1. Among the residues of the range 159-181 satisfying the criterion of being exposed (fewer than 15 other Cβ atoms within 10 Å of the Cβ), in contact (Cβ under 8 Å) with a residue 40 or more places away in the chain and part of a helix (DSSP H, G or I), which is farthest from the chain's Cα centre (by Cα)?
2. In this structure, does Ala67 turn out to be of a type in the set (A, V, I, L, M), touching a Leu at 6+ places or on another chain (Cβ under 7 Å) and either crowded, with 16+ Cβ neighbours inside 10 Å or farther than 16 Å from Pro6 by Cβ (or both)?
3. Looking only at the range 163-221, which residues are small (Gly, Ala, Ser), modelled with pLDDT under 95 and more than 27 Å from Leu72 (Cβ to Cβ)?
4. Quick one: in the range 111-127, of everything that is in a helix (DSSP H, G or I) and either among the acidic types (Asp, Glu) or within 13 Å of the chain's Cα centre (by Cα) (or both), which residue is farthest from Leu79 (Cα to Cα)?
5. Which of the numbered conditions does Gln137 fail, given that it passes all the others? Conditions: (1) more than 25 Å from Asp62 (Cα to Cα); (2) under 21 Å from the mean Cα position of the chain (by Cα).
6. Which number in (1) buried (at least 16 other Cβ atoms within 10 Å of the Cβ); (2) under 19 Å from the mean Cα position of the chain (by Cα) marks the one condition that Asn50 misses?
7. Residues that are over 26 Å from Asn174 (Cα atoms) and of a type in the set (Asp, Glu): find the helices (runs of 4 or more DSSP H) completely inside the range 1-83 holding 2 or more of those.
8. Determine, yes or no, whether Glu25 is in contact with a strand residue (DSSP E or B) (Cβ under 6 Å, 6 or more places away or on another chain) and of a type in the set (D, E, K, R).
Amino acid sequence: MRFGTPLRYPGGKGKLTSYFERVLEENDIDGTYIEPYAGGAGIALNLLLNEKISEIVINDYDPSIYAFWKVLKEYPEDLIDKIKEVPVTVEEWDRQRTIQSNKQVAGLFQLGFSTFFLNRTNRSGVISGGVIGGREQTGPYRIDARFNKTDLIRRIKKINGLSDRITVLGLDANKLLKHILPRYDEADTLVYIDPPYYEKGNLLYMNYYVHSDHEDLEKTISGLKHRWILSYDDSPDIRSIYGGRVPLKFELNYSSYESRKGAEVFYTADDLLTPSGPVVGIGEHMLIDQGC
């Protein structure tokens, strides 16, 4: 399948869509799918585009990420026009980087487009990272290597065509889980919680967590009545925080900063049914061990 999200995102889980489709089927859920840490929202958009879910909630506390999704939903034509006309050059990269560095005074559209431009022109999509090919453009790839305007516009149009089924929020994840989630039907909602990695989160995300943040999240999750899936990098500290739960282990290919495979884990609500046996995702993502 062709992925729907126009954002590249560190740790993005879009290729695990087929696993989530099976989870929805086994739990008879086709109503609402919520991502409190949406990022690139790969799974959410794939599920919506594949008509596996009726509506999605994309939430991200990072004002840059929130601004992009808000712009895509509410100002798609302006966004498309800007993509068509923007020069994909190091000089433009400098201009967009300046906007990102002063996000507190940037307008919504300015910030949203800056996020999109830097995401598509930075190494591994890291907003604070360096430009593809380097400032001298001597690397094996150039700044426009991930900026196929035709394809990106196609994705944006397709997503916006379903905008009435997409809610975009910019709330703290704990606030969303405590105060917004209860508004949704417990029996027909799946929440996918994908917080910043415990290890190296400060290298990958603008809003990363310290240990106490991860502990606070566990306290919030433990009180949820809705069915949920939680994913983390497989860290001893995370296993300690969620010590009473048996994780499901899978591997991801990382391209951020170094090319390697990294082990990750799912934790799930007690009443969530999960597919039995190995589940192959799309491409190189695979659930490899249930109950490790």
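The values are calculated or read from the model by the stated rules, or taken from the named source; none is laboratory data. This structure is a prediction, so every number in the text was calculated from the model and none was measured. Cβ coordinates were reconstructed from backbone atoms using ideal geometry, including for glycine residues, and neighbour counts include every protein chain displayed.
1. Lys178
2. Yes: the conditions hold for Ala67.
3. Ser212
4. Among them, the one singled out is Gly125.
5. (2)
6. Evaluating Asn50 over (1) buried (at least 16 other Cβ atoms within 10 Å of the Cβ); (2) under 19 Å from the mean Cα position of the chain (by Cα) leaves (1) as the failure.
7. Output list reads 17-26.
8. Here the answer is no, as Glu25 does not meet what is asked.
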